[in-house]
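A.B. asks: Have a look at this one.
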Amino acid sequence: MTAVNLMLVIIVLSLLAYALLAGADFGGGGWDMLAGLGRDRAAAEDQRKLISASLGPVWEANHVWLIFVIVCTFSGFPSAFGDIATSLELPLALALVGIVLRGAAYVYRAYGEGASLPDRWWSRIFACASVLTPFMLGVSGGALATGKLRPGSSPLAPFQAPFTILAGLLAVVVTAFLAAVYLCYDASLHPDTQHLVDVFRRKAIYAAVASGAVVLVMLPFFYRDAPVVAARFTDRSLPFAAVSALCGFGSLLVLWKKKYVLARATAAIAVIGVLGGWAAAQYPDLLVGVYTAQDAAAAPSSLDTMLVAMCGGMLVVVPSFLYLLKVFTAPVIEEH
Amino acid sequence: MSGVDAARIETAFSLSFHILFAVFGVGMPWVLLYTEGRWLKTGDQTWYALTRKWARVTAVLFAIGAVSGTVLSFEFGLLWPTFMATYGGAIGLLFTMEAFAFFLEAIFMGLYLYGWKRLTPRAHWLTLWPIAVSGTLSTLFIVFANAWMNDPVGIGESKGKITADPWAVFSSSVGWSEVAHMFVAAMMCTGGAVAAVYAWGMLRGRRDRYHKLGLGVGLWTVLGLTPIQMFLGDWSARVVGATQPLKLAAMEGVYTTGSNVPLTILGYYDQSTHKIIGGIPIPDGLSLLMGFKTGTVIQGMDTATVADTPNSAVIHLAFDSMVGCGVLVFAVAGFAVATWFLRRRKGLTPRIPHTRFWLWSAIATGPASVIAMLGGWEVTEGGRQPWIVYNLMSVTDAATKSGGLAWSVVATIVIYVGLAAALLLILRKLATGAPPELDAGAGPDIPSQAPPAAEEALA
């Protein structure tokens, strides 16, 4: 495998890690918002506590996967990075607003003791930002596939195809789906949260159905708005799509059967199928019609040293990360 | 607003905002290693209470540092696309390594902040090591990237793409002098801020052991590092003189190349007359500092066109703010050492009396360190102008051509100012003195003993 392809594989794997881990953190924020819309204040507070506890120790480490994707992209494919960023100026800037406000609102609520704004305001900001971020990142990903982005195109260009808006929506419902599935298991681990298992199970099922529906609506627009990538999708990505669909339905089944650990696996694989299918269809283009990965890549010697550094770095980071996940398998509820 | 102006304002603002948090991300883990270590060793609950409080503060500061750092990584592309397209591969290795260092920091920060009950006390203390080490390594890699922009060494070309030889990059004296100066600055900002908070508490009458220990840790950190920082600053200035003569000229407002160049304290550099108005010149000072003799020739700004010269009016002011604040802290340090020995000879305790004078001096070290740090960065960045990569690419060429950036500048400022205001309120709330659980009966100098296993009571 060439260094360029290896770099792409690392970027896609990091993106998957981001989607599966940080995605669920954002999805949790979405459920926080919906919980706030209901009438039952006490029940909403219960859900919020669990959601907040599930983020606590891991959200920052989960978030670093995104930084890693960005750094790999600008180091590995510098020529494309500037043009990708400027043509996606508006959605990326809004995603950043979401990232900043989500993180700040989370810690301000957790540690602020209401000193600045009341907790419920930070809750609202946290929830809205948690929905905004995946939506904007979804739009950005969709827009890369359309082939309509050009350096200097209008800042609104990424929003002008229904496909990209639907991609944003898909990101929102999928992150909500992941979060609900993960939270089922989290809730089952502690007697105080047992009663939330059914709540999140129901939410997970709704979100799974919603994700499937969005995908179905999206498909025709995909072929219309992103023809190049869609054609490659038909050629290469059908196995991904099949696995994803299978695991999507499988998730419904195992949720029905109340097998929450298995549900985590099927949910994750369903998401990997969608993102993996897109990545395979996007290859070898970074910005369709403008840059292929090969054109945009850094000099071979730069890529090689980066890859060596990455191997060394991953040897330290991956075991540490797994240790973090292991220590906090059960969410930390009021003990830190 | 043109693209380049907007890009510069937004970058300056986001960098300054981020760095205010980054310094604590670098410094606090080292301080916590000490305080939590003291608790493990002595079982003194005061150390435990301080550690818990600072861990909470660190949690908030680290989170804001992390999200504002994410903004910067996107801004490379959003604001400086041509810079990234040309040199992104060359400095990619540094950023890749920084990403890993940050990764470790975030992972172990999670373990540290939420692991009080899930890890043994010793394992919990040990998680601080990777945080502290990787925080320091983050500084190293990021500042090396910045140093490379100041002094782009090891440049090569391969298949039409620009490369930088990693060995050359890591053996650059610009890099090492900048890194060392910044790391010590981060520690001084941390120490100064801690000292300021506890000195303020004592001024308001909270003269308990908790405040005395907190003040001591902060104050000795900042004062102890000041002499080292003076030495490192001198080294940095020499390196700047050797590699970026125009930056040095702008720092001191030197227009005419020649020997016997004075060092000018304060004053305002007038761009039209090329003279410093209202400064106090020390004859031959700069020549002496740079070459140890009055005959040392200093390259002035007359060797370049105005367009290729940094704005000395700003740079000189920033430089003097940094040096002035540094000297102030240095004077406090010198006076503290003298007082310490004097009072030891007389057998007086505490060695540094907690009088209003000393408490106000301790408070001053906090803002002074932070102003010096920000002033230093203005010198580094402003002094490199008009270049983004010294002598190779101008800031104007590097910037985005997008016209719609004014809204993004405004949004950045509004959001960051709002978050900073909320943060100040939260920090004020957190700074409410010793927790009530801490044995109130313990006198100011008597440690309240309890074995580390008794943490549950305070957790």
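The values are calculated or read from the model by the stated rules, or taken from the named source; none is laboratory data. No experiment lies behind these values; they were computed from the predicted model shown. Cβ: placed from backbone, ideal geometry, glycine included. Neighbour counts: every protein chain shown.
A.B. asks: Take A:ALA110 and tell me if it is surrounded by fewer than 23 Cβ atoms within 10 Å (Cβ to Cβ), at the interface with another protein chain (Cβ under 7 Å from one of its Cβ atoms) and modelled with pLDDT under 90. Step through it out loud before you land on a result.
C.D. replies: Numbers: surrounded by fewer than 23 Cβ atoms within 10 Å (Cβ to Cβ): yes; at the interface with another protein chain (Cβ under 7 Å from one of its Cβ atoms): no; modelled with pLDDT under 90: yes.
No, not satisfied.
A.B. asks: Checking A:GLN194 against (1) in contact with a Gly (Cβ under 7 Å, 6 or more places away or on another chain); (2) away from every other protein chain (no Cβ under 14 Å), which test does it fail?
C.D. replies: (1)
A.B. asks: Collect the residues in region B:393-430 that are surrounded by 15 or more Cβ atoms within 10 Å (Cβ to Cβ), part of a loop (DSSP other than H, G, I, E, B) and either at pLDDT 80 or above or more than 10 Å from chain A (Cβ to nearest Cβ) (or both), keeping them in residue-number order.
C.D. replies: If the condition is that a residue be surrounded by 15 or more Cβ atoms within 10 Å (Cβ to Cβ), part of a loop (DSSP other than H, G, I, E, B) and either at pLDDT 80 or above or more than 10 Å from chain A (Cβ to nearest Cβ) (or both), then B:ALA399, B:THR400, B:LEU405 are the ones that fit.
A.B. asks: With the structure loaded, tell me whether B:TYR34 is crowded, with 23+ Cβ neighbours inside 10 Å, over 21 Å from A:VAL107 (Cα atoms) and more than 14 Å from chain A (Cβ to nearest Cβ) or whether it fails that test.
C.D. replies: Considered against the rule, which asks whether it is crowded, with 23+ Cβ neighbours inside 10 Å, over 21 Å from A:VAL107 (Cα atoms) and more than 14 Å from chain A (Cβ to nearest Cβ), B:TYR34 comes out as no.
A.B. asks: Just to check your reading of the model, which residue among B:GLY192, B:GLY218, B:GLY214, B:GLY224 is surrounded by 24 or more Cβ atoms within 10 Å (Cβ to Cβ), closer than 25 Å to B:LEU427 by Cβ, out of contact with any Leu (no Cβ under 9 Å at 6 or more places or on another chain) and not hydrophobic (A, V, I, L, M, F, W, C)?
C.D. replies: Step by step, each of B:GLY192, B:GLY218, B:GLY214, B:GLY224 is checked, and only B:GLY218 is surrounded by 24 or more Cβ atoms within 10 Å (Cβ to Cβ), closer than 25 Å to B:LEU427 by Cβ, out of contact with any Leu (no Cβ under 9 Å at 6 or more places or on another chain) and not hydrophobic (A, V, I, L, M, F, W, C).
A.B. asks: Check A:VAL254, A:VAL318, A:VAL243, A:VAL288 and return the single one that is within 14 Å of another protein chain (Cβ to nearest Cβ) and either crowded, with 20+ Cβ neighbours inside 10 Å or modelled with pLDDT of 90 or more (or both).
C.D. replies: A:VAL318
A.B. asks: Which ones in region A:28-53 are touching a Phe, Trp or Tyr at 6+ places or on another chain (Cβ under 7 Å) and within 22 Å of A:VAL327 (Cβ to Cβ)?
C.D. replies: A:ILE51
A.B. asks: Looking at B:THR82, B:THR86, B:THR70, which is the one that is assigned to a helix (DSSP H, G or I), touching a His at 6+ places or on another chain (Cβ under 9 Å) and surrounded by fewer than 24 Cβ atoms within 10 Å (Cβ to Cβ)?
C.D. replies: Residue meeting the stated conditions: B:THR70.
A.B. asks: A:LEU117 passes all but one of (1) of a type in the set (A, V, I, L, M); (2) touching a Ser or Thr at 6+ places or on another chain (Cβ under 6 Å); (3) not in a helix (DSSP H, G or I); which number fails?
C.D. replies: Condition not satisfied by A:LEU117: (2).
A.B. asks: Every residue in region B:76-89 that is out of contact with any strand residue (DSSP E or B) (no Cβ under 6 Å at 6 or more places or on another chain) and either within 7 Å of chain A (Cβ to nearest Cβ) or under 17 Å from A:PHE68 (Cβ atoms) (or both), please.
C.D. replies: B:PHE76, B:GLY77, B:LEU78, B:PRO81, B:THR82, B:MET84, B:ALA85, B:GLY88
A.B. asks: If I filter region A:138-150 for residues that are hydroxyl-bearing (Ser, Thr, Tyr), under 16 Å from the mean Cα position of the chain (by Cα) and either under 18 Å from B:SER73 (Cβ atoms) or within 10 Å of chain B (Cβ to nearest Cβ) (or both), do I get at least one hit?
C.D. replies: Yes, some residue in region A:138-150 is hydroxyl-bearing (Ser, Thr, Tyr), under 16 Å from the mean Cα position of the chain (by Cα) and either under 18 Å from B:SER73 (Cβ atoms) or within 10 Å of chain B (Cβ to nearest Cβ) (or both).
A.B. asks: Taking B:VAL143 as the residue in question, decide whether it is in contact with a His (Cβ under 9 Å, 6 or more places away or on another chain) and not acidic (Asp, Glu).
C.D. replies: Here the answer is yes, as B:VAL143 does meet what is asked.
Okay, residues lined up against (1) surrounded by 24 or more Cβ atoms within 10 Å (Cβ to Cβ); (2) under 27 Å from B:SER408 (Cβ atoms); (3) aromatic (Phe, Trp, Tyr):
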{"residue": "A:ARG124", "(1), (2), (3)": "no, yes, no"}
{"residue": "A:LEU137", "(1), (2), (3)": "yes, yes, no"}
{"residue": "A:SER153", "(1), (2), (3)": "no, yes, no"}
{"residue": "A:PHE159", "(1), (2), (3)": "no, yes, yes"}
{"residue": "A:THR164", "(1), (2), (3)": "yes, yes, no"}
{"residue": "A:VAL174", "(1), (2), (3)": "yes, no, no"}
{"residue": "A:PHE177", "(1), (2), (3)": "yes, no, yes"}
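A.B. asks: Here's something else I'd like to know. Tell me which residues, restricted to region A:291-303, are more than 10 Å from chain B (Cβ to nearest Cβ) and assigned to a helix (DSSP H, G or I). Even if it seems obvious, please write down each step before you answer.
C.D. replies: Initial filter on region A:291-303 (more than 10 Å from chain B (Cβ to nearest Cβ)): A:291-295.
Answer for region A:291-303, where residues must be more than 10 Å from chain B (Cβ to nearest Cβ) and assigned to a helix (DSSP H, G or I): A:ALA293, A:GLN294, A:ASP295.
Quick grid of which residues meet (1) closer than 30 Å to B:THR42 by Cα; (2) modelled with pLDDT of 90 or more:
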site: B:TYR198; (1), (2): yes, yes
site: B:GLY214; (1), (2): yes, yes
site: B:ASP234; (1), (2): no, yes
site: B:ALA237; (1), (2): no, yes
site: B:ALA242; (1), (2): no, yes
site: B:ALA250; (1), (2): no, yes
site: B:THR256; (1), (2): no, no
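A.B. asks: Would you please list the contacts, defined by Cβ atoms under 9 Å and residues six or more apart or on different chains, that run from a residue in region B:149-166 that is within 14 Å of chain A (Cβ to nearest Cβ) and farther than 19 Å from B:THR82 by Cβ to a residue that is among the hydroxyl-bearing types (Ser, Thr, Tyr) and in a strand (DSSP E or B)?
C.D. replies: Listed pairs, sorted by first residue: B:GLY154/B:THR163; B:GLY156/B:THR163.
A.B. asks: All but one of (1) small (Gly, Ala, Ser); (2) at the interface with chain B (Cβ under 10 Å from one of its Cβ atoms); (3) under 30 Å from B:LEU423 (Cβ atoms) hold for A:ALA22; which doesn't?
C.D. replies: (2)
A.B. asks: Let me ask another. Within the group B:GLY110, B:GLY27, which residue is within 13 Å of chain A (Cβ to nearest Cβ), out of contact with any strand residue (DSSP E or B) (no Cβ under 9 Å at 6 or more places or on another chain) and either crowded, with 23+ Cβ neighbours inside 10 Å or among the aromatic types (Phe, Trp, Tyr) (or both)?
C.D. replies: B:GLY110
A.B. asks: Okay, moving on. For region B:36-52, state whether one or more residues are part of a helix (DSSP H, G or I), in contact with a helix residue (DSSP H, G or I) (Cβ under 6 Å, 6 or more places away or on another chain) and under 30 Å from B:VAL169 (Cα atoms).
C.D. replies: No, every residue in region B:36-52 fails to be part of a helix (DSSP H, G or I), in contact with a helix residue (DSSP H, G or I) (Cβ under 6 Å, 6 or more places away or on another chain) and under 30 Å from B:VAL169 (Cα atoms).
A.B. asks: Also, I was wondering about something else. So, B:ASP320, is that one under 29 Å from B:VAL179 (Cα atoms), part of a helix (DSSP H, G or I), out of contact with any helix residue (DSSP H, G or I) (no Cβ under 6 Å at 6 or more places or on another chain) and in contact (Cβ under 8 Å) with a residue 12 or more places away in the chain or not?
C.D. replies: In short, yes.
A.B. asks: Could you please find all residues in region B:271-295 being over 22 Å from B:GLY233 (Cα atoms) and buried (at least 17 other Cβ atoms within 10 Å of the Cβ)? Before you say what the answer is, go through the steps one by one.
C.D. replies: Narrowing region B:271-295 to residues over 22 Å from B:GLY233 (Cα atoms): B:271-278, B:295.
Across region B:271-295, the qualifying residue is only B:ILE276.
A.B. asks: Being exposed (fewer than 15 other Cβ atoms within 10 Å of the Cβ) and either free of Cβ contacts under 8 Å to residues at least 40 places away in the same chain or more than 23 Å from B:SER369 (Cα to Cα) (or both) is the filter here; which residues of region B:228-257 pass it?
C.D. replies: B:PHE231, B:ALA242, B:THR256
A.B. asks: Another question, then. Among the residues of region A:189-204, are any assigned to a helix (DSSP H, G or I), among the polar types (S, T, N, Q) and modelled with pLDDT under 90?
C.D. replies: Scanning region A:189-204 turns up at least one residue that is assigned to a helix (DSSP H, G or I), among the polar types (S, T, N, Q) and modelled with pLDDT under 90.
A.B. asks: Sticking with this structure for a sec: Sort out which residues of region A:78-105 are aromatic (Phe, Trp, Tyr) and more than 7 Å from every other protein chain (Cβ to nearest Cβ), and write them in order of number.
C.D. replies: Residues satisfying the conditions do not exist here.
A.B. asks: Let me ask you something else. Examine region B:283-295 for a residue that is part of a loop (DSSP other than H, G, I, E, B), modelled with pLDDT of 90 or more and within 25 Å of B:GLY175 (Cβ to Cβ), and state whether such a residue exists. Outline the logic, then answer.
C.D. replies: Going through region B:283-295, the residues part of a loop (DSSP other than H, G, I, E, B) turn out to be B:283-284, B:292-295.
This time we only want the ones that are modelled with pLDDT of 90 or more, so: none.
Looking for residues that are part of a loop (DSSP other than H, G, I, E, B), modelled with pLDDT of 90 or more and within 25 Å of B:GLY175 (Cβ to Cβ), one finds none in region B:283-295, hence no.
A.B. asks: Still on this model: Mind checking whether some residue in region B:355-369 is of a type outside the set (Ser, Thr, Tyr), within 14 Å of chain A (Cβ to nearest Cβ), surrounded by fewer than 16 Cβ atoms within 10 Å (Cβ to Cβ) and over 22 Å from B:ALA147 (Cβ atoms)? Give the derivation first.
C.D. replies: Let us first name the residues in region B:355-369 that are of a type outside the set (Ser, Thr, Tyr), namely B:356-360, B:362-364, B:366-368.
Still in the running and within 14 Å of chain A (Cβ to nearest Cβ): none.
Within region B:355-369, none of the residues are of a type outside the set (Ser, Thr, Tyr), within 14 Å of chain A (Cβ to nearest Cβ), surrounded by fewer than 16 Cβ atoms within 10 Å (Cβ to Cβ) and over 22 Å from B:ALA147 (Cβ atoms).
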